[in-house]
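First, the structure itself, so that you have it in front of you.
The values are calculated or read from the model by the stated rules, or taken from the named source; none is laboratory data. Quick caveat: nothing in here was measured; it's all calculated off a predicted structure. No Cβ is skipped: glycine too gets one built from the backbone with ideal geometry, and neighbour counts run over all protein chains shown. Note: areas computed on protein heavy atoms with side chains; ligands, DNA, RNA excluded. Shrake-Rupley method; radii C 1.70, N 1.55, O 1.52, S 1.80 Å.
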Amino acid sequence: MVPPVHRYDLISCHDCGVLHRRRPVRPREKARCVRCRSVLYRGIHSDASRMAAITLGAVFTFLIAQFFPIVELEVGGYNSSATLLGAIRVLWMEQMQLVAAVVFLFTILLPAVELGALLYVTLSLRSGQRPPGFDHLLRAVGMARRWGMTEVLMIGILITIVKMTSLAQVVVQPGLFAFGALTLMLAIVVSFDPKMLWNIGEHLPGPRRPAQQVIRDENAPLLACHSCGLVEAARHRHCARCGARLHRRHPDSVGRTWAFLLAATILYIPANLLPVMYTHSLFGKEDDTIISGVVYFWTSGSPALAAIIFIASIVVPVLKLAALALLAWTAQRRSRWQPMQRTALYRIVEFVGRWSMLDIFVITLTVALVRFQSLAVITAGPGAMAFCAVVVLTMIAAMQFDPRLIWDPVESNGEKHV
Ligand SMILES: [Zn+2]
Ligand SMILES: [Zn+2]
(Lines give C-alpha, C1' and ligand atoms only; values in the text may rest on other atoms or scores of the structure.)
(Ligands and ions follow the chains in the order given, each with its own letter.)
Protein backbone atom coordinates (compact mmCIF):
# COMPACT_ATOMS: atom_id res chain seq x y z
CA MET A 1 0.00 0.00 0.00
CA VAL A 2 1.32 3.39 -0.99
CA PRO A 3 0.64 5.89 1.80
CA PRO A 4 -1.95 8.47 0.70
CA VAL A 5 -0.31 11.60 -0.63
CA HIS A 6 -1.95 14.95 -0.17
CA ARG A 7 -2.90 15.95 -3.69
CA TYR A 8 -1.20 19.37 -3.45
CA ASP A 9 2.07 17.58 -2.83
CA LEU A 10 2.13 16.11 -6.32
CA ILE A 11 3.55 17.89 -9.31
CA SER A 12 3.66 16.64 -12.87
CA CYS A 13 6.59 17.63 -15.10
CA HIS A 14 5.42 20.14 -17.73
CA ASP A 15 7.77 18.68 -20.35
CA CYS A 16 7.50 14.90 -19.89
CA GLY A 17 4.66 14.21 -17.46
CA VAL A 18 6.60 12.35 -14.73
CA LEU A 19 4.94 12.69 -11.32
CA HIS A 20 6.97 14.02 -8.43
CA ARG A 21 6.29 14.62 -4.81
CA ARG A 22 6.96 18.23 -3.84
CA ARG A 23 9.82 18.83 -1.44
CA PRO A 24 10.78 22.17 0.01
CA VAL A 25 13.76 23.80 -1.75
CA ARG A 26 15.81 26.71 -0.51
CA PRO A 27 15.50 30.14 -2.16
CA ARG A 28 17.31 30.25 -5.53
CA GLU A 29 17.47 26.43 -5.66
CA LYS A 30 15.64 24.57 -8.39
CA ALA A 31 13.76 21.28 -8.25
CA ARG A 32 14.36 19.38 -11.50
CA CYS A 33 12.56 16.52 -13.19
CA VAL A 34 14.25 13.12 -12.66
CA ARG A 35 13.69 12.11 -16.27
CA CYS A 36 14.07 15.16 -18.53
CA ARG A 37 15.85 17.57 -16.14
CA SER A 38 13.30 20.39 -16.69
CA VAL A 39 12.88 22.84 -13.85
CA LEU A 40 9.77 21.80 -11.90
CA TYR A 41 9.71 24.75 -9.52
CA ARG A 42 12.08 27.19 -7.90
CA GLY A 43 12.57 27.94 -4.27
CA ILE A 44 11.62 31.56 -3.66
CA HIS A 45 10.48 33.51 -0.64
CA SER A 46 6.79 32.73 -0.82
CA ASP A 47 5.92 35.79 1.15
CA ALA A 48 2.76 37.51 -0.07
CA SER A 49 3.69 40.88 1.51
CA ARG A 50 6.99 41.02 -0.34
CA MET A 51 5.29 40.05 -3.60
CA ALA A 52 2.59 42.67 -3.12
CA ALA A 53 5.22 45.39 -2.47
CA ILE A 54 7.28 44.56 -5.58
CA THR A 55 4.16 44.29 -7.74
CA LEU A 56 2.92 47.67 -6.48
CA GLY A 57 6.27 49.22 -7.40
CA ALA A 58 6.05 47.65 -10.84
CA VAL A 59 2.52 49.05 -11.34
CA PHE A 60 3.72 52.62 -10.63
CA THR A 61 6.73 52.21 -12.90
CA PHE A 62 4.44 50.81 -15.60
CA LEU A 63 2.21 53.92 -15.42
CA ILE A 64 5.19 56.30 -15.66
CA ALA A 65 6.53 54.32 -18.63
CA GLN A 66 3.18 54.58 -20.42
CA PHE A 67 2.46 58.28 -19.92
CA PHE A 68 5.87 59.88 -20.39
CA PRO A 69 7.63 60.22 -23.75
CA ILE A 70 10.43 57.72 -24.31
CA VAL A 71 12.72 59.75 -26.56
CA GLU A 72 12.72 63.05 -28.43
CA LEU A 73 14.34 63.80 -31.79
CA GLU A 74 15.62 67.20 -32.88
CA VAL A 75 16.55 67.94 -36.46
CA GLY A 76 16.81 71.29 -38.25
CA GLY A 77 14.67 73.15 -35.74
CA TYR A 78 11.93 70.50 -35.75
CA ASN A 79 11.40 68.11 -32.92
CA SER A 80 9.22 65.08 -32.35
CA SER A 81 8.78 62.79 -29.38
CA ALA A 82 6.91 59.55 -28.84
CA THR A 83 5.14 57.73 -26.06
CA LEU A 84 4.44 54.04 -26.59
CA LEU A 85 0.71 54.63 -26.97
CA GLY A 86 1.35 57.53 -29.36
CA ALA A 87 3.55 55.28 -31.50
CA ILE A 88 0.83 52.63 -31.65
CA ARG A 89 -1.71 55.29 -32.66
CA VAL A 90 0.50 56.37 -35.58
CA LEU A 91 0.63 52.77 -36.83
CA TRP A 92 -3.13 52.44 -36.52
CA MET A 93 -3.70 55.63 -38.58
CA GLU A 94 -1.38 54.31 -41.28
CA GLN A 95 -3.61 51.30 -42.01
CA MET A 96 -1.35 48.99 -39.98
CA GLN A 97 -4.15 48.07 -37.59
CA LEU A 98 -3.03 44.46 -37.21
CA VAL A 99 0.50 45.43 -36.18
CA ALA A 100 -0.82 48.23 -33.93
CA ALA A 101 -3.21 45.84 -32.18
CA VAL A 102 -0.50 43.19 -31.65
CA VAL A 103 2.00 45.75 -30.25
CA PHE A 104 -0.71 47.17 -27.96
CA LEU A 105 -1.59 43.70 -26.72
CA PHE A 106 2.00 42.57 -26.04
CA THR A 107 3.43 45.75 -24.54
CA ILE A 108 0.50 47.48 -22.81
CA LEU A 109 -2.62 45.40 -22.28
CA LEU A 110 -1.14 42.02 -21.23
CA PRO A 111 1.56 43.45 -18.91
CA ALA A 112 -1.23 45.58 -17.36
CA VAL A 113 -3.44 42.50 -16.90
CA GLU A 114 -0.56 40.55 -15.33
CA LEU A 115 0.41 43.31 -12.91
CA GLY A 116 -3.17 44.30 -12.03
CA ALA A 117 -4.29 40.73 -11.34
CA LEU A 118 -1.14 39.89 -9.40
CA LEU A 119 -1.45 43.03 -7.25
CA TYR A 120 -5.07 42.26 -6.39
CA VAL A 121 -4.31 38.61 -5.58
CA THR A 122 -1.15 39.23 -3.52
CA LEU A 123 -2.78 42.06 -1.53
CA SER A 124 -5.70 39.75 -0.67
CA LEU A 125 -3.44 36.81 0.22
CA ARG A 126 -1.42 39.15 2.42
CA SER A 127 -4.55 39.93 4.43
CA GLY A 128 -5.23 36.19 4.75
CA GLN A 129 -8.16 36.02 2.31
CA ARG A 130 -8.86 34.21 -0.94
CA PRO A 131 -10.37 37.02 -3.01
CA PRO A 132 -13.44 36.50 -5.25
CA GLY A 133 -12.33 35.59 -8.77
CA PHE A 134 -9.02 34.20 -7.44
CA ASP A 135 -8.92 31.30 -9.93
CA HIS A 136 -9.77 33.35 -12.99
CA LEU A 137 -7.25 36.03 -12.09
CA LEU A 138 -4.40 33.56 -11.59
CA ARG A 139 -5.23 31.92 -14.91
CA ALA A 140 -5.13 35.38 -16.49
CA VAL A 141 -1.67 35.98 -14.95
CA GLY A 142 -0.35 32.75 -16.50
CA MET A 143 -1.81 33.60 -19.91
CA ALA A 144 -0.70 37.26 -19.89
CA ARG A 145 2.83 36.25 -18.93
CA ARG A 146 3.29 34.05 -21.98
CA TRP A 147 2.58 36.98 -24.28
CA GLY A 148 3.82 40.06 -22.38
CA MET A 149 7.03 41.37 -24.01
CA THR A 150 8.32 44.31 -21.99
CA GLU A 151 11.94 43.10 -22.05
CA VAL A 152 11.89 42.70 -25.84
CA LEU A 153 10.40 46.18 -26.18
CA MET A 154 13.20 47.58 -24.00
CA ILE A 155 15.89 46.21 -26.34
CA GLY A 156 13.80 47.52 -29.28
CA ILE A 157 13.84 51.01 -27.74
CA LEU A 158 17.64 50.90 -27.32
CA ILE A 159 18.15 49.78 -30.93
CA THR A 160 15.84 52.57 -32.16
CA ILE A 161 17.84 55.15 -30.20
CA VAL A 162 21.14 53.96 -31.69
CA LYS A 163 19.58 54.00 -35.16
CA MET A 164 18.25 57.56 -34.69
CA THR A 165 21.56 59.03 -33.55
CA SER A 166 22.78 58.93 -37.15
CA LEU A 167 19.72 60.92 -38.33
CA ALA A 168 19.07 63.46 -35.62
CA GLN A 169 19.92 64.64 -32.16
CA VAL A 170 18.38 62.23 -29.66
CA VAL A 171 17.24 63.42 -26.23
CA VAL A 172 16.21 60.62 -23.87
CA GLN A 173 13.03 61.20 -21.87
CA PRO A 174 11.69 59.86 -18.52
CA GLY A 175 9.76 57.06 -20.26
CA LEU A 176 13.04 55.40 -21.24
CA PHE A 177 14.26 55.12 -17.64
CA ALA A 178 10.84 53.93 -16.52
CA PHE A 179 10.92 51.15 -19.13
CA GLY A 180 14.41 50.17 -17.97
CA ALA A 181 13.26 49.97 -14.33
CA LEU A 182 10.07 48.15 -15.33
CA THR A 183 12.07 45.49 -17.21
CA LEU A 184 14.14 44.79 -14.10
CA MET A 185 11.09 44.70 -11.82
CA LEU A 186 9.20 42.36 -14.16
CA ALA A 187 12.19 40.00 -14.04
CA ILE A 188 11.45 39.63 -10.30
CA VAL A 189 7.67 39.54 -10.78
CA VAL A 190 7.88 36.58 -13.22
CA SER A 191 9.52 34.52 -10.46
CA PHE A 192 6.15 34.64 -8.63
CA ASP A 193 4.78 31.38 -9.94
CA PRO A 194 0.95 31.42 -10.15
CA LYS A 195 1.03 27.70 -9.29
CA MET A 196 2.63 28.56 -5.98
CA LEU A 197 0.09 31.31 -5.28
CA TRP A 198 -2.59 28.70 -5.92
CA ASN A 199 -1.09 26.54 -3.21
CA ILE A 200 -1.02 29.47 -0.77
CA GLY A 201 -4.64 30.37 -1.57
CA GLU A 202 -5.72 26.76 -1.13
CA HIS A 203 -5.37 26.96 2.64
CA LEU A 204 -7.06 30.34 3.12
CA PRO A 205 -10.72 31.16 3.73
CA GLY A 206 -12.69 32.71 0.89
CA PRO A 207 -15.07 31.90 -1.96
CA ARG A 208 -14.45 28.60 -3.76
CA ARG A 209 -15.77 26.77 -6.74
CA PRO A 210 -19.04 24.97 -6.01
CA ALA A 211 -18.26 21.57 -4.50
CA GLN A 212 -20.80 19.61 -6.59
CA GLN A 213 -18.61 20.00 -9.66
CA VAL A 214 -15.91 17.91 -8.03
CA ILE A 215 -16.37 14.15 -8.26
CA ARG A 216 -13.29 12.53 -6.80
CA ASP A 217 -12.67 8.94 -7.77
CA GLU A 218 -9.62 7.10 -6.44
CA ASN A 219 -9.64 4.60 -9.33
CA ALA A 220 -9.78 7.25 -12.04
CA PRO A 221 -6.59 8.01 -13.98
CA LEU A 222 -4.45 10.82 -12.59
CA LEU A 223 -4.57 14.03 -14.60
CA ALA A 224 -2.50 17.18 -14.25
CA CYS A 225 -4.20 20.53 -14.87
CA HIS A 226 -2.36 22.55 -17.55
CA SER A 227 -3.33 25.78 -15.94
CA CYS A 228 -2.84 25.47 -12.16
CA GLY A 229 -0.76 22.27 -11.99
CA LEU A 230 -3.12 20.40 -9.64
CA VAL A 231 -2.73 16.62 -10.00
CA GLU A 232 -5.86 14.66 -9.19
CA ALA A 233 -7.61 11.38 -9.76
CA ALA A 234 -10.75 12.58 -11.44
CA ARG A 235 -13.36 11.70 -14.00
CA HIS A 236 -14.77 15.20 -14.32
CA ARG A 237 -13.90 17.33 -17.31
CA HIS A 238 -12.85 20.49 -15.51
CA CYS A 239 -10.15 21.09 -12.92
CA ALA A 240 -11.54 21.02 -9.39
CA ARG A 241 -9.39 23.93 -8.36
CA CYS A 242 -9.26 26.42 -11.23
CA GLY A 243 -11.99 25.25 -13.60
CA ALA A 244 -9.72 24.85 -16.65
CA ARG A 245 -10.59 22.01 -19.06
CA LEU A 246 -8.73 18.81 -18.24
CA HIS A 247 -7.16 16.56 -20.83
CA ARG A 248 -4.30 14.10 -20.76
CA ARG A 249 -2.48 15.74 -23.69
CA HIS A 250 -3.31 18.94 -25.59
CA PRO A 251 -6.11 17.81 -27.92
CA ASP A 252 -4.96 17.30 -31.51
CA SER A 253 -1.59 18.78 -30.59
CA VAL A 254 0.41 17.64 -33.63
CA GLY A 255 -2.30 18.52 -36.20
CA ARG A 256 -2.73 22.01 -34.81
CA THR A 257 1.04 22.57 -34.62
CA TRP A 258 1.33 21.66 -38.33
CA ALA A 259 -1.54 24.00 -39.27
CA PHE A 260 -0.02 27.06 -37.58
CA LEU A 261 3.43 26.12 -38.81
CA LEU A 262 2.25 25.93 -42.42
CA ALA A 263 0.53 29.32 -42.21
CA ALA A 264 3.69 30.87 -40.70
CA THR A 265 5.94 29.34 -43.37
CA ILE A 266 3.79 30.73 -46.19
CA LEU A 267 3.74 34.22 -44.68
CA TYR A 268 7.49 34.10 -44.10
CA ILE A 269 8.01 34.69 -47.85
CA PRO A 270 6.17 38.07 -48.13
CA ALA A 271 7.60 39.02 -44.71
CA ASN A 272 11.08 38.97 -46.25
CA LEU A 273 10.32 40.18 -49.76
CA LEU A 274 7.95 43.09 -49.08
CA PRO A 275 9.20 46.39 -47.64
CA VAL A 276 8.75 46.81 -43.89
CA MET A 277 9.38 50.56 -44.03
CA TYR A 278 9.23 53.40 -46.60
CA THR A 279 11.42 56.47 -46.15
CA HIS A 280 10.24 59.67 -47.91
CA SER A 281 12.90 62.36 -47.68
CA LEU A 282 14.38 65.28 -49.59
CA PHE A 283 16.48 62.72 -51.45
CA GLY A 284 13.49 60.73 -52.68
CA LYS A 285 11.72 57.55 -51.61
CA GLU A 286 13.45 54.47 -50.29
CA ASP A 287 12.08 51.00 -49.49
CA ASP A 288 13.46 48.93 -46.62
CA THR A 289 13.09 45.19 -46.26
CA ILE A 290 14.23 43.33 -43.15
CA ILE A 291 17.48 42.29 -44.80
CA SER A 292 18.22 45.83 -46.06
CA GLY A 293 17.85 47.04 -42.46
CA VAL A 294 20.56 44.57 -41.44
CA VAL A 295 22.79 45.73 -44.31
CA TYR A 296 22.23 49.36 -43.27
CA PHE A 297 23.53 48.75 -39.73
CA TRP A 298 26.42 46.69 -41.06
CA THR A 299 27.62 49.35 -43.51
CA SER A 300 26.99 52.29 -41.16
CA GLY A 301 29.46 50.93 -38.61
CA SER A 302 27.21 49.09 -36.13
CA PRO A 303 28.03 45.43 -36.78
CA ALA A 304 26.80 44.41 -33.30
CA LEU A 305 23.32 45.80 -33.99
CA ALA A 306 23.34 44.27 -37.45
CA ALA A 307 24.12 40.92 -35.84
CA ILE A 308 21.34 41.26 -33.21
CA ILE A 309 18.70 42.13 -35.82
CA PHE A 310 19.97 39.46 -38.22
CA ILE A 311 19.72 36.79 -35.52
CA ALA A 312 16.37 37.95 -34.08
CA SER A 313 14.61 38.58 -37.40
CA ILE A 314 16.11 36.10 -39.86
CA VAL A 315 18.00 33.25 -38.14
CA VAL A 316 15.59 32.72 -35.23
CA PRO A 317 12.35 32.54 -37.30
CA VAL A 318 13.89 30.03 -39.75
CA LEU A 319 15.34 27.86 -36.98
CA LYS A 320 12.06 28.04 -35.07
CA LEU A 321 10.06 26.84 -38.08
CA ALA A 322 12.57 24.03 -38.72
CA ALA A 323 12.71 22.98 -35.05
CA LEU A 324 8.93 22.87 -34.67
CA ALA A 325 8.60 20.88 -37.90
CA LEU A 326 11.15 18.38 -36.57
CA LEU A 327 9.33 18.11 -33.22
CA ALA A 328 5.91 17.68 -34.83
CA TRP A 329 7.21 15.10 -37.34
CA THR A 330 9.04 12.97 -34.75
CA ALA A 331 6.07 13.14 -32.33
CA GLN A 332 3.75 12.06 -35.14
CA ARG A 333 5.96 9.04 -35.92
CA ARG A 334 6.20 8.25 -32.18
CA SER A 335 9.97 8.38 -32.51
CA ARG A 336 12.19 7.40 -29.57
CA TRP A 337 15.13 9.31 -30.95
CA GLN A 338 16.96 11.61 -28.48
CA PRO A 339 14.03 12.60 -26.23
CA MET A 340 16.27 14.65 -23.95
CA GLN A 341 17.70 16.73 -26.80
CA ARG A 342 14.26 17.20 -28.38
CA THR A 343 12.87 18.43 -25.05
CA ALA A 344 15.77 20.90 -24.80
CA LEU A 345 15.03 22.04 -28.37
CA TYR A 346 11.38 22.61 -27.44
CA ARG A 347 12.39 24.69 -24.43
CA ILE A 348 14.68 26.84 -26.60
CA VAL A 349 11.91 27.41 -29.18
CA GLU A 350 9.51 28.41 -26.41
CA PHE A 351 12.06 30.75 -24.87
CA VAL A 352 13.26 32.58 -28.00
CA GLY A 353 9.84 32.89 -29.69
CA ARG A 354 9.06 36.33 -28.32
CA TRP A 355 12.44 37.83 -29.34
CA SER A 356 11.49 37.84 -33.03
CA MET A 357 9.11 40.72 -32.25
CA LEU A 358 12.18 42.94 -31.81
CA ASP A 359 12.10 44.31 -35.36
CA ILE A 360 8.37 45.09 -35.13
CA PHE A 361 8.98 47.18 -32.00
CA VAL A 362 11.85 49.04 -33.71
CA ILE A 363 9.59 49.78 -36.71
CA THR A 364 6.76 50.99 -34.42
CA LEU A 365 8.99 53.52 -32.66
CA THR A 366 10.81 54.62 -35.82
CA VAL A 367 7.56 55.32 -37.65
CA ALA A 368 6.30 57.44 -34.74
CA LEU A 369 9.54 59.41 -34.35
CA VAL A 370 10.57 60.19 -37.91
CA ARG A 371 7.79 62.56 -38.94
CA PHE A 372 9.46 65.77 -40.11
CA GLN A 373 7.02 66.81 -42.85
CA SER A 374 9.35 68.37 -45.41
CA LEU A 375 12.59 66.66 -44.33
CA ALA A 376 11.83 63.01 -43.82
CA VAL A 377 8.87 60.78 -43.02
CA ILE A 378 9.08 57.02 -42.41
CA THR A 379 5.98 54.86 -42.77
CA ALA A 380 5.43 51.15 -42.21
CA GLY A 381 5.09 48.76 -45.15
CA PRO A 382 3.13 45.54 -45.74
CA GLY A 383 6.19 43.39 -44.92
CA ALA A 384 5.81 44.46 -41.28
CA MET A 385 2.26 43.10 -41.23
CA ALA A 386 3.38 39.71 -42.66
CA PHE A 387 6.37 39.52 -40.33
CA CYS A 388 4.22 40.25 -37.29
CA ALA A 389 1.83 37.45 -38.34
CA VAL A 390 4.77 35.01 -38.74
CA VAL A 391 5.97 35.69 -35.18
CA VAL A 392 2.50 35.32 -33.65
CA LEU A 393 1.70 32.15 -35.65
CA THR A 394 4.98 30.42 -34.70
CA MET A 395 4.42 31.29 -31.04
CA ILE A 396 0.94 29.75 -31.23
CA ALA A 397 2.38 26.69 -33.03
CA ALA A 398 4.90 26.22 -30.18
CA MET A 399 2.13 26.53 -27.58
CA GLN A 400 -0.01 23.95 -29.37
CA PHE A 401 2.79 21.39 -29.27
CA ASP A 402 2.60 19.18 -26.19
CA PRO A 403 6.21 18.28 -25.21
CA ARG A 404 5.01 15.20 -23.31
CA LEU A 405 4.32 13.58 -26.71
CA ILE A 406 8.12 13.34 -27.06
CA TRP A 407 8.24 11.07 -24.00
CA ASP A 408 5.09 9.03 -24.50
CA PRO A 409 6.79 6.33 -26.67
CA VAL A 410 9.83 6.14 -24.35
CA GLU A 411 9.71 3.54 -21.57
CA SER A 412 10.08 5.02 -18.14
CA ASN A 413 12.40 3.66 -15.44
CA GLY A 414 9.55 2.89 -13.11
CA GLU A 415 8.57 6.55 -12.65
CA LYS A 416 4.90 7.21 -12.53
CA HIS A 417 3.60 9.72 -15.04
CA VAL A 418 0.37 11.36 -16.08
ZN1 LIG B 1 10.30 15.86 -17.08
ZN1 LIG C 1 -6.47 23.72 -12.57
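When the solvent-accessible surface of protein heavy atoms is calculated with a 1.4 angstrom probe, in what order do 130, 235 fall, highest first? List each step's numbers first, then the result.
Details: 130 10, 235 150 Å².
The ordering from most to least exposed comes out as 235, 130.
Sorted by accessible area with a 1.4 angstrom probe, largest first, how do 296, 278, 41 fall?
Highest to lowest solvent-accessible surface, that is 296, 278, 41.
Then there's this: Assuming 0.36 nm per residue, please report the length gained on full extension of the stretch residue 335 to residue 187 beyond their Cα-Cα distance. Show your work: numbers first, answer last.
Working: separation 148, 0.36 × 148 = 53.28 nm, distance 3.67 nm.
49.6 nm is the gain from fully extending residue 335 to residue 187.
Separate question: Give me the Debye-computed log₁₀ of I(q)/I(0) at q = 0.15, 0.17, 0.18 Å⁻¹ for the range 47-208, equal point scatterers on Cα only, no solvent, two decimals.
Per q value, in the given order, log10 I(q)/I(0) is -0.82, -0.97, -1.05.
What FRET efficiency do you get for residue 291 and residue 351 if R0 is 22 Å and r is their Cβ-Cβ distance, rounded to the nearest 0.05?
On the way: r = 25 Å, r/R0 = 1.13.
E between residue 291 and residue 351, to the nearest 0.05, is 0.35.
Multiplying the sequence separation of residue 64 and residue 374 by 0.36 nm and subtracting their Cα-Cα distance, what value in nm do you get? Intermediate results must be reported in sequence, preceding the final value.
On the way: separation 310, 0.36 × 310 = 111.60 nm, distance 3.24 nm.
Gain on stretching residue 64 to residue 374: 108.4 nm.
Rounded to the nearest 20 debye, what is the charge dipole size of the range 47-208 about its Cα centre when +1 sits on each Lys and Arg Cβ and -1 on each Asp and Glu Cβ? Walk me through the numbers on the way to the answer.
On the way: 10 positive and 9 negative charges, 85 e Å.
So the dipole magnitude of the range 47-208 works out to roughly 400 debye.
Using alpha carbons only, how many angstrom separate the centre of the range 315-383 from the centre of the range 298-313?
One Cα centre to the other: 16 Å.
Something else about it: Mind checking which of 54, 201, 221 is farthest towards the positive end of the chain's charge dipole, using Cβ charges of +1 (Lys, Arg) and -1 (Asp, Glu) about the Cα centre?
221
How far is it, in nm, from the label point at residue 39 to the one at residue 92 when both lie 7 Å from their Cα along the line to the Cβ?
3.6 nm
Give the aspartates and glutamates reachable from residue 195 as a straight Cα distance under 13 Å; neighbours fewer than 8 places away on the same chain don't count.
Hits, sequence-local ones excluded: 9, 135.
Say each of residue 22 and residue 78 gets a label point 7 Å from the Cα, pointing the same way as Cα to Cβ; how far apart are those two points in nm?
5.9 nm
Go through 271, 345, 370 and say which Cα lies farthest out towards the positive end of the charge dipole of the chain; charges sit on Cβ, +1 for Lys and Arg, -1 for Asp and Glu.
Final value for the positive-end residue is 345.
Would you tell me the accessible area of residue 280, worked out with a 1.4 angstrom probe on the heavy atoms of the protein chains, in Å² to the nearest 10?
Counting only protein heavy atoms, the figure is 80 Å².
Moving on. Quick check: convex hull over the Cα atoms of the range 108-172, volume per residue in Å³, rounded to an integer? Don't jump to the answer; show the numbers that get you there.
Numbers: hull volume 6.0 nm³, N = 65.
Output value, Cα hull per residue: 93 Å³.
What whole-number value in cubic angstrom gives the convex hull volume per residue for the C-alpha atoms of the range 277-337? Walk me through the numbers on the way to the answer.
On the way: hull volume 5.2 nm³, N = 61.
About 86 Å³ per residue, rounded to a whole number.
Across every pair of different alpha-carbon atoms, what Kirkwood hydrodynamic radius in Å does the chain reach?
Details: mean 1/r = 0.0427 Å⁻¹.
It works out to 23.4 Å.
For the chain, which cysteines have no disulfide-compatible partner, meaning no other cysteine Cβ under 4.7 Å?
388
Moving on. Please give the helix 110-126 orientation as an angle from the longest Cα principal axis of the chain, in degrees from 0 to 90, rounded to the nearest 10.
That works out to roughly 40 degrees.
At 0.36 nm per residue, and after removing the present C-alpha to C-alpha distance, how many nm does the segment from residue 200 to residue 31 gain when stretched out fully? Could the numbers behind the result be given before it?
Numbers: separation 169, 0.36 × 169 = 60.84 nm, distance 1.85 nm.
Length difference between fully extended and current span is 59.0 nm.
Roughly how far apart, in whole Å, are the Cα centres of the range 115-175 and the range 242-278?
Taking the Cα centre of each part, the range 115-175 and the range 242-278 sit 24 Å apart.
Just add up the charged neighbours of residue 261: K/R +1, D/E -1, any other residue whose Cβ is under 15 Å from the Cβ of residue 261. Let's see the in-between values first.
On the way: positive: 256, 320; negative: 252, 350, 402.
Here the charged neighbours net out to -1.
Report ³J(HN,Hα) in whole Hz for each residue of the range 381-392, in order, from the Karplus equation J = 6.51 cos²θ - 1.76 cosθ + 1.60 where θ = phi - 60°; Gly and Pro get x.
x, x, x, 5, 4, 5, 5, 4, 5, 4, 4, 5
Quick check on packing: order 387-399, 77-89, 332-344 by the mean number of other C-beta atoms within 10 Å, highest mean leading.
Details: 387-399: 23.1, 77-89: 17.4, 332-344: 14.7.
Averaged packing, sorted descending, gives the order 387-399, 77-89, 332-344.
While we're looking at this one, here's another question. Per-residue HN-Hα couplings for the range 405-413, Karplus 6.51 cos²θ - 1.76 cosθ + 1.60 at θ = phi - 60°, whole Hz, x for Gly and Pro?
After applying 6.51 cos²θ - 1.76 cosθ + 1.60, I find 5, 4, 9, 4, x, 8, 5, 8, 8 Hz.
Name the residues whose placed amide hydrogens come within less than 5 Å of the amide hydrogen of residue 40, ignoring near sequence neighbours (fewer than 5 apart) on the same chain.
Here 31, 32, 33 satisfy the definition.
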